[in-house]
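The structure under discussion appears below in the form of structure tokens.
None of the figures in this text is laboratory data; all of them are computed from the coordinates on show. If you're wondering where the values come from, they're calculated on a predicted model, not measured in any experiment. Note that each Cβ is placed from the backbone with ideal geometry, even for glycine, and that neighbours are counted across all protein chains shown.
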Amino acid sequence: ERGEKFMLGPVSRVKLPSKYGRCALSVDIIPPSTPPTTCRLVNVHLDSLGDTLPYRTEQMGILANLLRKPGCGGGLIAGDFNAISPEDHALLDKNGLVDAWVALRGKKGLDGAMWGAGVERHDGLGPGRLRCQA
């Protein structure tokens, strides 16, 4: 063991088109390899609720492109994707991304239950909880 360590590279905040002022936090992780290949870790909280699918669609495209920038060898996008509709599942394929759960467990679609779309909730935390009361 040569005692080499991973190093943190630039940290940046990426503003996203958003109804709620969302952004992504990105950090480059530089392994002790030569030549260095950066791994990018991006944390997100995408727009929520049913009327924001167009925002999430654009947000996912921007996030996927962060992993394709010159010098970046790939990475992970993690956080709250607020994937509340079946259309959200298509955003992964559309942007050339892979769901880590599916890659590790081999389940596709709603069976993995990691996205939330199509999952019946009994805890009162579904989208209906935000309805206005008169």
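How far, in nm, would the chain grow between LEU76 and LEU49 when pulled straight, counting 0.36 nm per residue and subtracting the alpha carbon separation?
Full extension of this stretch gives 7.3 nm more.
Order by neighbour count: GLU4, GLU87, fewest other Cβ atoms within 10 Å first, most last.
Exposure proxy ranking, most exposed first: GLU4, GLU87.
Where nothing but the Cβ of Lys and Arg (+1) and of Asp and Glu (-1) is charged, how large is the charge dipole of segment 7-104 around its Cα centre, in debye to the nearest 20?
Once rounded to the nearest 20, the dipole reads 380 debye.
Using the number of other C-beta atoms within 10 angstrom as an exposure proxy, rank SER48, SER33 with the fewest first.
By the 10 Å Cβ count, ascending, the order reads SER33, SER48.
Using only the alpha-carbon atoms of segment 7-104, report the extent along each of the three principal axes, biggest first, to the nearest angstrom.
46, 30, 19
Give me LEU8, LEU97 sorted ascending by neighbouring Cβ count inside 10 Å, so fewest comes first.
Working: LEU8 10, LEU97 14.
The most exposed by this proxy come first: LEU8, LEU97.
Averaging sequence separations of C-alpha pairs under 8 Å and six or more residues apart, then dividing by the length of segment 7-104, give the relative contact order as a whole percent. Don't jump to the answer; show the numbers that get you there.
On the way: 158 pairs, mean separation 23.3, N = 98.
Taking the mean separation of contacting Cα pairs over the length of segment 7-104, I get 24 percent.
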